[in-house]
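Step one of this worksheet: look at the structure below.
The values are calculated or read from the model by the stated rules, or taken from the named source; none is laboratory data. All values derive from a computational prediction rather than experimental measurement. Cβ coordinates were reconstructed from backbone atoms using ideal geometry, including for glycine residues, and neighbour counts include every protein chain displayed.
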Amino acid sequence: MKLLPTLLTAAALALSTTALSPSSPPPTTNKRNPITYNPPTWDNASLLLLGERFLLFGGEVHPFRLPVPSLWHDVLEKTKALGLNTVSFSVPWALLEGKPGEFRAEGVFDVGKFMEVAREVGVWLVARPGPYINGEVTGGGLPGWIQRLKGHPRTADVDYLAATDNYAAKIGAIIAKAQINNGGKVILYQPESEYSVSRTLIGFNFPDPGYMQYVEDQARRAGVVVPFINNDAWNAGHNAPGTGVGEVDIYGQDLYPLDINCDDMAWDKGSLRDSLYSSHLNTSPSTPYAMPEFQGGVVDYWGGSGFARCAERFNHEQSRVFYKNNFAAGVKIFNLYMIYGGTNWGNLGYDRGYTSYDYAAAIAEDRTIAREKYSELKLQAQFFKVSPGYLEATPDLKPTPGFYSPNQEITVTAVVGPEGSFYVTRKTAYKDPGPVSYTLKLPTSKGVITIPHLGGTLTMPGRDTRIHVTDYPVGDTTLVYCTGEVFTWQEYEGQTILVVYGGMGETHELLMKRTALGMFTKTSPGVKTKQDGQHLYAQWKTTEDEEQFIRAGNLYIYLIAREAAYNFWVTDLPGHSPLIIRGGYLVRSAKLDSDGTLAIRADFNRSTAIDLPRGVNTALLEIMGVPRSAKSVTINSHPTTHTLNTAPNGNNHWLVRTDFQPPSITLPDLPTLPWRYLNTLPELSPSYTDDHLWPLANHTTTNNTYLQTPSTPTSLFAADYTFHAGGALLFRGHFTATGHETTLTLQTQGGVGFASLVWLNDTFQTDAAWAGNSTAAFKRATWPVRLVAGGAICNGLVGGDEMKAPRGIMDYRFGMGGGGGGGGGEAPEVEWRVTGNLGGEDYRDEVRGPLNEGGLFAERMGYHQPGVPEGEGGFVKGRSPLDGIEEPGVGFWTAEMVLDIPGERWDVPLSFEFPGIDAGGGSGRYRAVLWVNGFQFGRYISHIGPQTSFPVPEGILNYHGTNTIAIAIWATQPGGARLSSLSLKAGTPVLTGRQPVVNVAAPAWTARPGAY
């Protein structure tokens, strides 16, 4: 995540401490298990894993943002299919230890299960358990009860360190069991996150090396033996090897070169740095260049552009230009943040963010992979899988325009190695969208060659980058140079296949050695060749319709357009070379059974199907490099016929067709469901008497003085009374009027985008600003106080969540005048009571976790859960969310709907669609909250937005049975509010080979003892 200024100040509380000694045991192999291995080692060039140099190319996934464990397979398989070999994952302490001393990591929070899924899928893991993770998670992942500590978070203050011990021991032991030396997939461990705030910015000693050392020692004591890596927020050298106390094994630097602004399509706010490698050498020359977080997308905010717009900016072009610039700098540990973002369900996001955490990542929130950046990333990742020479190659310290090309508009960075060199080429004006023609002059084993040799020029489109290779090994031969980009190459029985791609209509050229290939050569008609002794020149123009090829001895080269390469997959086949497969929406896995059955798991959608004359939709796969021992093929366990490809490269290439018949999807009409309605602010009534069950706000002191020392007689900070789960907070104050009160001034704090509603007795006190906006975290207003015999009642309703700043009433004051025949006099004393989620830290729903519920009456009673009986709670039938409520307050609706989505073979994303955003508030300003089978999966603000579509995954939704939907509408202005529309929308059905989805446990309603 990008380090945000608000979090910088929020997290920057520190004291100096005595240094603690490291206690790192040497890595050992588990002798009892033959599949275990030693942890990786490293030098200045790369990691070394399983005895070989290893390029860590991965992406961040947050399992806690996809609360359906059976779908973790799906996301990790889509990540592996890209060619990525590693997944990093963060763990939010707040979800696992919602109450001090009570650690729960089961069900949707089962970190061990996620790591087991990674082992099954076959991806390596980098564990990032904090205790602080940022991640745009509430409190940066720290539990809310940390606010009650006297010590500063993320420092060596004794009470904070003690508070972390239980979590660190438990999560450390879970991760330790999944390390490579225990047969698992964890190869690196990151203590803390972006522990980098400068001392000048904060004004006192932060970061604290002693604290960092304490976190590292906690992990070692828990059994973690893999190397430590950090993620400095910028290239400042914090905790780098050799810095002493708190140093890590491998230094890492996060990099977010484009500003968080999804409307900046011109890339004006950002920079492409050409000095990355030299900066790395200045900071940590003894370790491989590591980027634990690089900008794989962007976070969006309340009132932001929306992730559809963000995905347009952080698209395939951004991936081509900025990712490849990192490879030009010799990055050998490269991790994208995020590869899959997920959802901020159940109040887990921080206050600036809304429900979606799509992040404009390669894999969308609904798990679809239709974004072009997914395909672009696949091209890059598969190239580096077959380019081990990159791991020993060294970059230019600083590229010079014009050195490798006479065209000053082109910048070429050489990454030179003994097993191939890589010339990363882009426009010098990298933001410019227009094309540039150029030639190259590259040193090769055949001397310095001007390219193209056979005439013409190369073309560099705007916002693009090419990696041209020289002296690049391909099986038994060598590409002396190639201007087209390599997608992959594989050696099979008697044949080597190389796939080279380029932009549409571009001229490309290669020169290959022929000594190991024999002299036989065959090409497609559009390829121009020239023999030069033992070398062969070839030039071609990339076309859309015509597939071109070169066959030289046992080498077959596909010459295709980049868009055609998007349809290729490289799929591991245990015991054999990986298969090259053309076609399909996704190819997940392949295996060859002992009976000769080739079992393929793959996905297909409408775009990958073809229409045969008989009118049946059919999906086609071309499988290249099929072992000769293969006799038959299945697609997703269904036997399928195959034919041999008769093309010139048809040796052991199979053509496989599978039927694709998209299902008919019928969804319920949400407005006509049998809704039941409940007023969920009964506290407004003067006859409401249950507030004696609310916690009394009687703390005269607080340890939370981050923003201010309370200016109220007693603390009205919600966390002091164990409420920090997010959602609504309610305050109810009782006082006896003296007759001299003229005004009441209130200041509340609820985080960015929050709203406050205030009633005196049962009279709503209107203030348009209190409906909330996209920036304000505080609200202050003054109202006249109407004298009421017996006193007055004030109800405040605030929402939002963030760790460091308190939530609640920051200040209140009475204006005292001369009413009633006397002077002003002293203000009356107010007895305050407060509530949030039922039980606070003793939260009642352990399955859905400590953050899922807020303080609304319906939530405290559990009415958002399935199975609320007809006669319970005073619900009224026949009133829907489209009818709404007629005055300020909160209405609550619940209904059941039945889904019957066709069987397990289909993956159909569903989303709940709310009305469009009305920034002017002309239709009324209101908020809505959505629960699905008890899980909160949507927070909507009608005048702020931007989110109106709320994906809910299968597993939370029961696709083959009854579901309970609940909606709260919070009207913030006179006249009330209603939904003008509400619908359930299906995305494109995908015929899938994923693992079956198992519905998540969703406990039904039971009466809650002590609920109020």
Only strands (runs of 3 or more DSSP E) wholly contained in the range 409-526 count here; list those with 3 or more residues that are modelled with pLDDT under 95 and either among the polar types (S, T, N, Q) or surrounded by fewer than 22 Cβ atoms within 10 Å (Cβ to Cβ) (or both).
521-523
Over 20 Å from G330 (Cβ atoms) and either surrounded by 19 or more Cβ atoms within 10 Å (Cβ to Cβ) or within 24 Å of the chain's Cα centre (by Cα) (or both), is that true of A219?
yes
One residue from N261, N239 being under 24 Å from the mean Cα position of the chain (by Cα) and assigned to a loop (DSSP other than H, G, I, E, B)
N261
Just to be sure I understand, how many residues within the range 418-466 are out of contact with any strand residue (DSSP E or B) (no Cβ under 7 Å at 6 or more places or on another chain) and farther than 18 Å from R562 by Cβ?
9
Selected residue (only one of G135, G130, G140, G83 is more than 25 Å from Q213 (Cβ to Cβ), surrounded by 20 or more Cβ atoms within 10 Å (Cβ to Cβ) and of a type in the set (G, A, S))
G83
Here is a check on your reading of the model: is A308 farther than 19 Å from K378 by Cα, without any contact (Cβ under 8 Å) to a residue 40 or more places away in the chain and not assigned by TED's automatic domain parsing to the domain that holds N773?
yes
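Using the structure shown, decide if Y301 is within 25 Å of P92 (Cβ to Cβ), among the hydroxyl-bearing types (S, T, Y) and either at pLDDT 95 or above or not in a loop (DSSP other than H, G, I, E, B) (or both).
yes
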Filtered residue count, the range 135-174, keeping only those that are acidic (D, E) and outside any helix (DSSP H, G or I)
2
Neighbours by Cβ (under 8 Å, 6+ apart or cross-chain): first from the range 842-856, farther than 23 Å from I969 by Cα; second part of a loop (DSSP other than H, G, I, E, B) and at pLDDT below 95:
Y843/A725
For the range 214-229, how many residues meet the condition of being of a type in the set (A, V, I, L, M) and in a helix (DSSP H, G or I)?
2
Every listed condition ((1) at pLDDT 95 or above; (2) in a helix (DSSP H, G or I); (3) over 27 Å from the mean Cα position of the chain (by Cα)) holds for E247 save (2)
Pull up the range 533-580, narrow it to residues that are touching a strand residue (DSSP E or B) at 6+ places or on another chain (Cβ under 8 Å) and among the acidic types (D, E), then point me to the one that is surrounded by the most Cβ atoms within 10 Å (Cβ to Cβ).
D572
With hydroxyl-bearing (S, T, Y) and under 22 Å from T992 (Cβ atoms) as the only criterion, which of T368, T394, T411 stands out?
T368
Strands (runs of 3 or more DSSP E) (entirely within the range 942-993) containing at least 1 residues that are in contact with a Gly (Cβ under 9 Å, 6 or more places away or on another chain), over 29 Å from Q661 (Cα atoms) and among the hydroxyl-bearing types (S, T, Y)
962-971
Does the range 175-182 include one or more residues that are outside any helix (DSSP H, G or I), buried (at least 24 other Cβ atoms within 10 Å of the Cβ) and assigned by TED's automatic domain parsing to the domain that holds I250?
yes
Apart from one, (1) assigned to a loop (DSSP other than H, G, I, E, B); (2) surrounded by fewer than 23 Cβ atoms within 10 Å (Cβ to Cβ) all hold for E365; the odd one out is (2)
Assigned to a loop (DSSP other than H, G, I, E, B), crowded, with 16+ Cβ neighbours inside 10 Å and in contact with a Ser or Thr (Cβ under 6 Å, 6 or more places away or on another chain): does that describe P850?
no
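Got a sec? Which strands (runs of 3 or more DSSP E) wholly within the range 624-701 have at least 2 residues that are closer than 30 Å to R905 by Cβ?
Output list reads 632-635, 638-640, 642-644, 653-659.
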Cβ-Cβ under 9 Å, sequence separation 6+ or interchain: first residue in the range 712-734 and in contact (Cβ under 8 Å) with a residue 24 or more places away in the chain, partner basic (K, R) and in a strand (DSSP E or B). Which pairs?
T722/K99; G727/R939; L730/R833; F731/R833; R732/R833; G733/R833; H734/R833
Residue that is within 17 Å of the chain's Cα centre (by Cα), within 25 Å of M338 (Cβ to Cβ) and not aromatic (F, W, Y), where the choices are V121, V111
V111
Restricting attention to the range 258-280, which residues are within 27 Å of T243 (Cβ to Cβ) and without any contact (Cβ under 8 Å) to a residue 12 or more places away in the chain?
none
Could you please tell me which pairs satisfy a Cβ distance under 6 Å, a separation of 6+ or placement on different chains, a first residue in the range 379-405 that is in a helix (DSSP H, G or I), and a second residue that is charged (D, E, K, R)?
G389/E419; L391/R53
All positions within the range 530-551 that are assigned to a strand (DSSP E or B) and either assigned by TED's automatic domain parsing to the domain that holds T79 or free of Cβ contacts under 8 Å to residues at least 60 places away in the same chain (or both)
Q531, D532, L536, A538, W540, K541, Q548, I550
So V908 ticks every box in (1) surrounded by fewer than 22 Cβ atoms within 10 Å (Cβ to Cβ); (2) in contact with a His (Cβ under 6 Å, 6 or more places away or on another chain); (3) at pLDDT 95 or above but one. Which box is left unticked?
(2)
Read through the list (1) buried (at least 21 other Cβ atoms within 10 Å of the Cβ); (2) in contact with a strand residue (DSSP E or B) (Cβ under 7 Å, 6 or more places away or on another chain); (3) at positive phi, then give the number of the only condition that G270 fails.
(1)
Expected single match for modelled with pLDDT of 95 or more and loosely packed, with under 13 Cβ neighbours inside 10 Å among T689, T672, T680 is T672
